[in-house]
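Report on the structure given below.
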Amino acid sequence: MIKLPIFQVDAFTNKTFSGNPAAVVPLEFWLEDDQMQQIASENNLSETAFFVNRGDYFHLRWFTPQQEVDLCGHATLASAYIIMDKIDPSLNQVKFGTRGGELIVRRQDDKFSMDFPAHPPEKCNTPDTLIKALGEKPQEVYASNYYMAVYKSEEDIRALTPYMALLKELDRLGVIITAPGKKVDFVSRFFAPAVGIPEDPVTGSAHCTLIPYWSKKLNKSKMIAHQISQRRGEIFCEHQGKRVIIAGRVVMYLKGTIYI
């Protein structure tokens, strides 16, 4: 029998039962891929992160309940928090090696700040399936790793109830919907039913696309965003050309042991 530590962390929030929950499993060596996928499926959270200490960096991988993914923001934030707060509190910076490239997370007062690649969206034709799935035609549609549908108001974003079966048919991993915010610079929601995440509470990787778009639209480099899912989350954003800074607070929820 193997015993593994497991943590559950709420990311992009300063209080439990909000933000985006991620499981974090520190490893001394890699398990088989199917074992990590089974753990992620058993956890049934949008992401489970696994990492191995390589000395000058940590090798980090992320799994949804259905598959491994190339990039995940909230589980990276959660992993950095576990390393810097629970494993080695002397650290104020962590470097990760991932399928999505090198990622750096820094501790900044009560926040953790992630340095991620920017994924600027390009305007595209609106797929008929996307309009049918969202139920309301957006003002504009863009594409990067995800489709991004832009609406007029925060109220529009709150009111949408997408048809998940149709979203699964699209040729992107997920769909962002976004609009100007009333009390913050912009708001968003994110859906990825094709990888087992009907609606993600707070999505760091989506902000790799949102930040370049809204920075240009609002003519400002530093912004505050809310992802207005039921759990909600707060994201502190900065556009730095080819990179984006995605920062947020983190709250510990659970510590336990996995037996396999």
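The values are calculated or read from the model by the stated rules, or taken from the named source; none is laboratory data. Keep in mind that this is a model prediction, so the values were computed, not measured. Because the Cβ atoms are built from the backbone with ideal geometry, glycine has one as well, and the counts that use them run over all protein chains shown.
Name the residue that is nearest to Cys72 (Cα to Cα), counting only residues in the stretch 2-51 that are surrounded by fewer than 16 Cβ atoms within 10 Å (Cβ to Cβ) and touching an Asp or Glu at 6+ places or on another chain (Cβ under 8 Å).
Asp33
Say whether the condition of being in contact with a Lys or Arg (Cβ under 7 Å, 6 or more places away or on another chain) and not small (Gly, Ala, Ser) is met by at least one residue in the stretch 205-225.
Taking every residue of the stretch 205-225 in turn, none turns out to be in contact with a Lys or Arg (Cβ under 7 Å, 6 or more places away or on another chain) and not small (Gly, Ala, Ser).
Being small (Gly, Ala, Ser), surrounded by 18 or more Cβ atoms within 10 Å (Cβ to Cβ), under 26 Å from Ile246 (Cβ atoms) and not assigned by TED's automatic domain parsing to the domain that holds Gly19, is that true of even one residue in the stretch 152-163?
Checked against the condition, which is being small (Gly, Ala, Ser), surrounded by 18 or more Cβ atoms within 10 Å (Cβ to Cβ), under 26 Å from Ile246 (Cβ atoms) and not assigned by TED's automatic domain parsing to the domain that holds Gly19, the stretch 152-163 yields no hits at all.
Of all residues in the stretch 32-65, how many are more than 17 Å from Ala194 (Cβ to Cβ) and not hydrophobic (A, V, I, L, M, F, W, C)?
Residues in the stretch 32-65 being more than 17 Å from Ala194 (Cβ to Cβ) and not hydrophobic (A, V, I, L, M, F, W, C): 15 in total.
So Leu60 fits all but one of (1) of a type outside the set (Val, Ile, Thr); (2) part of a strand (DSSP E or B); (3) under 24 Å from Ser188 (Cα atoms); (4) in contact with a Phe, Trp or Tyr (Cβ under 7 Å, 6 or more places away or on another chain); what number is the exception?
Evaluating Leu60 over (1) of a type outside the set (Val, Ile, Thr); (2) part of a strand (DSSP E or B); (3) under 24 Å from Ser188 (Cα atoms); (4) in contact with a Phe, Trp or Tyr (Cβ under 7 Å, 6 or more places away or on another chain) leaves (3) as the failure.
Considering the stretch 83-121 alone, what residues qualify as being under 17 Å from Asp70 (Cα atoms) and of a type in the set (Asp, Glu)?
Hits for the stretch 83-121 are Glu102, Asp115.
Counting only residues that are over 25 Å from Ser215 (Cα atoms) and either within 21 Å of the chain's Cα centre (by Cα) or acidic (Asp, Glu) (or both), how many does the stretch 153-188 have?
8
Which residue out of Phe96, Phe112, Phe190 is under 26 Å from Ile82 (Cβ atoms) and assigned by TED's automatic domain parsing to the domain that holds Pro212?
Being under 26 Å from Ile82 (Cβ atoms) and assigned by TED's automatic domain parsing to the domain that holds Pro212 holds for just one of Phe96, Phe112, Phe190, which is Phe190.
Can you name the number of the only condition in (1) of a type in the set (Phe, Trp, Tyr); (2) assigned by TED's automatic domain parsing to the domain that holds Gln227; (3) more than 14 Å from Leu210 (Cβ to Cβ) that Tyr142 fails?
All conditions are met except number (3).
Could you tell me which numbered condition Thr209 fails, if it satisfies all but one of (1) polar (S, T, N, Q); (2) within 23 Å of Arg249 (Cβ to Cβ); (3) surrounded by fewer than 19 Cβ atoms within 10 Å (Cβ to Cβ)?
Among (1) polar (S, T, N, Q); (2) within 23 Å of Arg249 (Cβ to Cβ); (3) surrounded by fewer than 19 Cβ atoms within 10 Å (Cβ to Cβ), Thr209 violates only (3).
Could you list, in sequence order, the residues of the stretch 88-106 that are crowded, with 17+ Cβ neighbours inside 10 Å and in contact (Cβ under 8 Å) with a residue 24 or more places away in the chain?
Val94, Phe96, Gly97, Thr98, Gly100, Leu103, Val105
Can you work out which of the residues in the stretch 107-122 that are surrounded by 16 or more Cβ atoms within 10 Å (Cβ to Cβ) and of a type in the set (D, E, K, R) is nearest to Ile245 (Cα to Cα)?
Selected residue: Asp115.
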